[in-house]
Amino acid sequence: MSGNFKIFASYSTKDIEKINPILNYLSQIQGVEIFFADADLQPGDVINNRIIQSIVAADIFLAFYSTASTQSSYVQQEIGAARAHNKIIIPLLLDGTKPTGMLAGVHYLDLSDQQKRLPEIGRLHNFIVNNIQTKNRNQLLGGLALVGIGILALAASQNDDEDDEDY
């Protein structure tokens with residue numbers, strides 16, 4: 001599924017009930033593929049390898065931020081890996097805990113305030129849709145460029161063949 005827009009969800013398992021509705025909503029966006037460890041890790045997977053591969057492949061990294069996630073060594077390592085691979089990281093606040101450390105200064109969406117929750121999820125939805133459109137447009141332009149190069153190469157080859165006939 002190379003054309004899909006990949007999202008990595010980083011979270012504490014203590015927050016699963018809070019994040020499931022959000023991930024279910026985002027998964028309805030056409031072209032979105034979300035890596036959610038509790039659903040996507042398979043028996044026999046080497047967890048660290050699979051997580052790193054999924055972070056590297058991700059277009060966007062969602063950090064579900066909470067008191068529980070700040071205490072999770074997995075979440076902290078995932079954030080570090082996302083930073084190391086220059087991923088777009090979007091902290092999503094599940095409670096009043098503000099991002100610190102590697103996420104200090106990164107603009108976040110506040111899902112902890114019930115009045116802000118729906119508008120913030122709408123902003124995230126629009127951000128993802130816009131990024132999907134940009135990625136698809138760039139892939140289309142890249143494909144068209146390859147076709148153009150192929151046509152030029154074919155034309156050059158035919159010109160070479162015609163030049164060879166003059167001898």
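The values are calculated or read from the model by the stated rules, or taken from the named source; none is laboratory data. Nothing here was measured: the structure is a model prediction, and the numbers come from that model. Quick reminder, even Gly has a Cβ in these numbers, built from the backbone with ideal geometry, and neighbours come from all protein chains shown.
Remark: pairs (first residue in the stretch 1-20, closer than 13 Å to L94 by Cβ; second residue part of a loop (DSSP other than H, G, I, E, B) and modelled with pLDDT of 95 or more; Cβ separation under 7 Å; 6+ apart in sequence or on different chains) = S12/S66; D15/S66; D15/L94; K18/L94; I19/Y11. Exactly one residue out of N136, N159, N131 is at pLDDT below 90 and touching a strand residue (DSSP E or B) at 6+ places or on another chain (Cβ under 8 Å): that is N131.
Determine if the stretch 66-80 includes at least one residue that is under 22 Å from N20 (Cβ atoms) and under 12 Å from the mean Cα position of the chain (by Cα). The answer is no; no qualifying residue exists. Taken as a whole, the condition of being modelled with pLDDT of 90 or more and either aliphatic (A, V, I, L, M) or farther than 23 Å from P21 by Cβ (or both) applies to L118.
Within the set P91, P21, P119, the sole residue that is surrounded by 14 or more Cβ atoms within 10 Å (Cβ to Cβ) and either over 25 Å from R137 (Cβ atoms) or touching a helix residue (DSSP H, G or I) at 6+ places or on another chain (Cβ under 8 Å) (or both) turns out to be P91. Checked against the criterion of being in a loop (DSSP other than H, G, I, E, B) and either among the charged types (D, E, K, R) or loosely packed, with under 14 Cβ neighbours inside 10 Å (or both), the stretch 45-55 has at least one qualifying residue.
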